[in-house]
Every structure is written in structure tokens, then in C-alpha cells.
Amino acid sequence: MKDIEKAGNLLILMGWFTLVIVIATTILIGVGIFLGLAIFLPYVFEGMNKNEIFIFLMNLLIPTLLMSVICIKVGGAVKNNKKWAIISGVLIAVLSLPGFPIGTIIGLAALFYFFRDWRGNLKA
């Protein structure tokens with residue numbers, strides 16, 4: 001497997017991981033809020049009614065879902081060696097670095113494979 005394909009697979013992994021975490025977190029927060037099971041959430045959402053909480057959660061959920069779909073699509077295009085996707089993939093990998101620990105690990109590994117492939121293409 002080429003290095004660029006490994007980088008693409010890492011971006012796809014990051015997209016699926018983000019999707020699973022966001023959906024699980026949203027479900028847990030939603031269940032906690034609407035069933036009253038959460039311990040710290042009443043303090044976080046103090047003074048907000050259920051509609052405001054729902055809008056708040058959607059403002060977190062929709063961009064993150066969009067980002068996970070973008071990661072999956074860009075990762076697939078990187079595996080097909082599309083130039084636009086390689087540039088986008090490097091940008092996504094750099095932006096994922098602050099997401100410690102998983103984003104940092106996957107982002108560093110993706111950058112490693114991107115730049116190793118880039119150096120290999122310069123030598124050829």
C-alpha cells in the first residue's frame with residue numbers, strides 16, 4: 001500500500017471516529033437532559049429551556065457531522081491520488097492536531113504519510 005493510500009485511510013478513519021463520537025455524545029447529552037439523568041449538565045444549561053438546549057446541540061452536531069463527511073470524502077479522494085484532495089487532506093490533518101489525543105495521533109500519522117509520499121515523488 002502506498003503512503004498516500006495510508007494517509008487517505010487515516011482521514012477516513014478520522015471521519016468515522018468523529019461521526020461515532022459525536023452521535024454517541026449527542027445521544028448521551030440528550031438522554032441526560034430530557035430524562036434528568038445528568039449530574040453536571042443542569043449547571044451547564046442553567047436558565048435554558050429545552051428548545052434552546054436543542055438549538056445549542058444542533059449547532060454543535062451539524063458542523064461536526066459535516067466535518068466527518070468531509071473527512072470521509074477527502075480520504076477516499078486522497079486514496080485515488082486527486083491533487084485537490086491531497087491539499088485538503090493536509091489541511092484537515094493540520095487542523096486535527098489540537099484534538100488531543102486521537103486527533104493528534106491520527107493527524108500526525110496522516111501528515112507523516114503525506115510528506116513521506118511527497119518526498120518519494122520528488123525523488124522519482
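Quick notes on this structure:
- Top-ranked residue in segment 72-105 [being of a type in the set (Ser, Thr, Tyr) and closer than 18 Å to residue 20 by Cα; ranked as nearest to the chain's Cα centre (by Cα)]: 96
- Pairs with Cβ under 7 Å, 6+ apart, first in segment 81-103 and more than 16 Å from residue 13 (Cβ to Cβ) and open to solvent by less than 90 Å² (accessible area, probe 1.4 Å), second at pLDDT below 90 and not aliphatic (A, V, I, L, M): none
The values are calculated or read from the model by the stated rules, or taken from the named source; none is laboratory data. Keep in mind that this is a model prediction, so the values were computed, not measured. We place every Cβ from the backbone using ideal geometry, glycine too, and count neighbours over all the protein chains shown. Remember, those area values only see protein heavy atoms, side chains included, never the ligands or the DNA or RNA. Shrake-Rupley method; radii C 1.70, N 1.55, O 1.52, S 1.80 Å.
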